[in-house]
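This report concerns only the one structure given below.
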Amino acid sequence: MSELSVNHLLGIKYLKEEDIQLIFETADHFKEVINRPIKKVPSLRDITIANIFFENSTRTKLSFELAQKRLSADVISFSAAQSSVKKGETLIDTVNNILAMKVDMVVMRHSHPGAAYFLSQHVKASIVNAGDGAHEHPTQALLDSYSIRERLGDVAGKKVVIVGDILHSRVALSNIFALQMQGAEVRVCGPKTLIPKYVESLGVKVESNLRQALEWCDVANMLRIQNERLDVTYFPSTREYVQQFGLTQELLNSLNKEIVIMHPGPINRGVEITSEVADGPHSVILDQVENGVAVRMAVIYLLASKIK
């Protein structure tokens, strides 16, 4: 397969497994590029990309901007907090105004699920979903799978547990789709109130005991509690959450095997994961950050090659 089957990256559920493999093979090449003394390639010199973030983001936005600049694209960034959106401008008007500046691709984060899909139906540009509400975050899931592949050789046949706030997490949903598509087995673990009712219909088992989940898995992906999305209290206290679902070095040491520890960031140190674990030898958290740039370069490059 030499090109993607899609013209946009709206969610993992729209991809085929061949698309994921093509993205990874392309990311392998770009990972080698970003470790050279000169970290730039002229691949997208004639492409203009707009980053439109209607929700706050530090890491994802920086990662996308860096990926775009490494490919020599022209980049414009737009933060809704300082924009005409505050004055009542609609999403389509905002984007059409940006497209009038001859933009080829839009990377968008929005608080509403389906916003990226909606946009792809109404504007003539390639759309990359950088997170839509609690729905999907496809590039995060891709870089997570890529990091597993890098550490364990392959994703197929691996056992991955996603721990924490599954209910509000777009990372969890995209990861479930991506991992299953590649032949991994997925379980989720967390307080019952933070596990969505539909999750078992996706072929995912629910594990309520963290130790049992860790004894089962090869990889543990620790999600943070999304306090900014919690409009009611889903568990009695942070202290109680830490006791039941916090990952400590002591707990890791008590397992009779080694597992890979991941976290999409930002980390609430001492809540879902201790500093000792986050900075320890089993953690691939900083690899995920580095791989994020390579994977996003691959996605942008492959989509740009389809822009006519």
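The values are calculated or read from the model by the stated rules, or taken from the named source; none is laboratory data. Please read these numbers as outputs of a predicted model, since none were measured by experiment. With ideal geometry, Cβ positions are generated from the backbone for all residues, glycine too; neighbour counts draw on all protein chains shown.
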Within segment 271-298, residues part of a loop (DSSP other than H, G, I, E, B) and under 12 Å from ILE225 (Cα atoms) come out as VAL271, GLU272
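Quick one: in segment 135-173, of everything that is aliphatic (A, V, I, L, M) and within 22 Å of GLU32 (Cα to Cα), which residue is nearest to the chain's Cα centre (by Cα)? Spell out the reasoning first.
Step one: filter segment 135-173 for residues aliphatic (A, V, I, L, M), giving 141-143, 148, 152, 155-156, 160-163, 166-167, 171-173.
Filter once more, so that each one left must be within 22 Å of GLU32 (Cα to Cα): 141-143, 148, 152, 155.
Details: ALA141: 4, LEU142: 7, LEU143: 7, ILE148: 13, LEU152: 19, VAL155: 16 Å.
Filtering segment 135-173 for residues that are aliphatic (A, V, I, L, M) and within 22 Å of GLU32 (Cα to Cα), the one nearest to the chain's Cα centre (by Cα) comes out as ALA141.
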The lone condition VAL188 fails out of (1) within 24 Å of SER63 (Cα to Cα); (2) out of contact with any Asp or Glu (no Cβ under 6 Å at 6 or more places or on another chain) is (1)
Would you mind stating whether VAL163 is in contact with a Ser or Thr (Cβ under 9 Å, 6 or more places away or on another chain) and either within 24 Å of GLU258 (Cα to Cα) or crowded, with 24+ Cβ neighbours inside 10 Å (or both)?
-> no
Filter segment 29-75 for residues that are in contact with a Gly (Cβ under 8 Å, 6 or more places away or on another chain) and among the hydroxyl-bearing types (Ser, Thr, Tyr); the one that is surrounded by the fewest Cβ atoms within 10 Å (Cβ to Cβ) is SER57
If we keep only residues of segment 68-120 that are of a type in the set (D, E, K, R) and modelled with pLDDT under 80, then the residue farthest from LYS31 (Cα to Cα) is LYS87
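Check every one of the strands (runs of 3 or more DSSP E) wholly within segment 86-187 and list those with 3 or more residues that are of a type in the set (A, V, I, L, M, F, W, C), under 26 Å from SER208 (Cβ atoms) and in contact (Cβ under 8 Å) with a residue 12 or more places away in the chain. Before the answer, list the steps.
Working: elements: 105-110, 126-132, 159-163.
Where strands (runs of 3 or more DSSP E) fall fully within segment 86-187 and carry at least 3 residues being of a type in the set (A, V, I, L, M, F, W, C), under 26 Å from SER208 (Cβ atoms) and in contact (Cβ under 8 Å) with a residue 12 or more places away in the chain, they are 159-163.
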Filtering segment 116-140 for residues that are among the hydrophobic types (A, V, I, L, M, F, W, C) and either over 20 Å from GLU65 (Cβ atoms) or in contact with a Gly (Cβ under 6 Å, 6 or more places away or on another chain) (or both) leaves a count of 3
Of the residues that make up segment 116-129, is at least one closer than 19 Å to ALA298 by Cα, under 15 Å from the mean Cα position of the chain (by Cα) and assigned by TED's automatic domain parsing to the domain that holds GLN180?
no
Scanning segment 222-241 residue by residue, those outside any loop (DSSP other than H, G, I, E, B), at pLDDT below 95 and surrounded by 17 or more Cβ atoms within 10 Å (Cβ to Cβ) turn out to be TYR241
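Scanning for something touching a strand residue (DSSP E or B) at 6+ places or on another chain (Cβ under 7 Å), part of a helix (DSSP H, G or I) and surrounded by 14 or more Cβ atoms within 10 Å (Cβ to Cβ), does segment 1-15 turn up at least one residue? If you could, list the steps in order and put the result at the bottom.
Keep residues of segment 1-15 that are touching a strand residue (DSSP E or B) at 6+ places or on another chain (Cβ under 7 Å), which gives 7-12.
Among the residues that remain, those that are also part of a helix (DSSP H, G or I) are: 12.
Right, trim to surrounded by 14 or more Cβ atoms within 10 Å (Cβ to Cβ) and you get 12.
Yes, segment 1-15 contains a residue that is touching a strand residue (DSSP E or B) at 6+ places or on another chain (Cβ under 7 Å), part of a helix (DSSP H, G or I) and surrounded by 14 or more Cβ atoms within 10 Å (Cβ to Cβ).
Among the residues that make up segment 209-221, is at least one of them at pLDDT below 95, in the same structural domain as GLY153 (by TED's automatic domain parsing) and not in a loop (DSSP other than H, G, I, E, B)?
Applying the first criterion (at pLDDT below 95) to segment 209-221 yields none.
Looking for residues that are at pLDDT below 95, in the same structural domain as GLY153 (by TED's automatic domain parsing) and not in a loop (DSSP other than H, G, I, E, B), one finds none in segment 209-221, hence no.
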